Amino acid sequence: MAYVEPVTLAARGIALVPLALTHESGLRAAAADGELWTLRITSVPEPEQTRKYIEDALAMREAGNRFAFCVTEAATGTVLGCTSFHDIVPAVRRVEIGWTWYAKRIQRTHVNTTAKLLMMTHAFETLGCHVVGWRTDNFNFASQAAIERLGARKDGVLRGHALRRDGTIRDTVMYSMRSGEWPEAKAQLLYLLDKPRA
């Protein structure tokens, strides 16, 4: 039995559904909104690599170290982006949240906060995680700000940690949240989602 079992998570008009090959055209269209694959600091697939991106995610699911979701508009099924649990370590009840990207038109809306609230709730309250982690490129300042808004704490920087898509070597900024910090973070996320948007 896998630590992360197939599940659909839904709230506030969005649904996180297990990523499948049937999402290929939708993911391709979402990535095309803003030509997101041209950003050197993200994991967004190039259009012709979308199927392989999904196949790789499914292979990682089978191996037990990544569970990818397609983020969709609940009412229509329109694909908005992708996000995953990854680096899943059942022995210490830890998962990380990442491989996250959205169509440009969705960025800076409630979608990412809602998706993270759903995933963090599932991780802490259903899977019983002790720790949820995040990692991002040291030059991805928007991602760092978004992670910090979730209430995560910066653990440090792994220097010379991974290759970027353009072949340069990146430093990786690591964040985490412990289960004891989750109730306050959850309350803050609900507050941010419920307050009127300017």
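Key figures for this structure:
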| quantity | calculated |
| --- | --- |
| Residue list for segment 25-38, restricted to those being at negative phi and either within 14 Å of the chain's Cα centre (by Cα) or crowded, with 16+ Cβ neighbours inside 10 Å (or both) | Gly26, Leu27, Arg28, Ala30, Ala31, Leu36, Trp37 |
| Whichever residue in segment 132-143 is of a type in the set (A, V, I, L, M, F, W, C) and more than 18 Å from Ala2 (Cα to Cα) and, among such residues, is surrounded by the most Cβ atoms within 10 Å (Cβ to Cβ) | Trp134 |
| Residue within segment 125-136 that is over 24 Å from Arg66 (Cα atoms) and either at pLDDT 90 or above or part of a loop (DSSP other than H, G, I, E, B) (or both) present | no |
| Options Glu62, Glu96, Glu24: the member that is at pLDDT 90 or above and over 26 Å from Thr121 (Cβ atoms) | Glu24 |
| Residue among Arg12, Arg66 that is buried (at least 19 other Cβ atoms within 10 Å of the Cβ) and among the charged types (D, E, K, R) | Arg66 |
| Count - residues of segment 82-97 that are at positive phi and not basic (Lys, Arg) | 1 |
| So Ala103, is it among the hydrophobic types (A, V, I, L, M, F, W, C), surrounded by fewer than 17 Cβ atoms within 10 Å (Cβ to Cβ) and in contact (Cβ under 8 Å) with a residue 40 or more places away in the chain | no |
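The values are calculated or read from the model by the stated rules, or taken from the named source; none is laboratory data. Being a predicted model, the structure only gives us computed values, none of them experimental. Note that each Cβ is placed from the backbone with ideal geometry, even for glycine, and that neighbours are counted across all protein chains shown.
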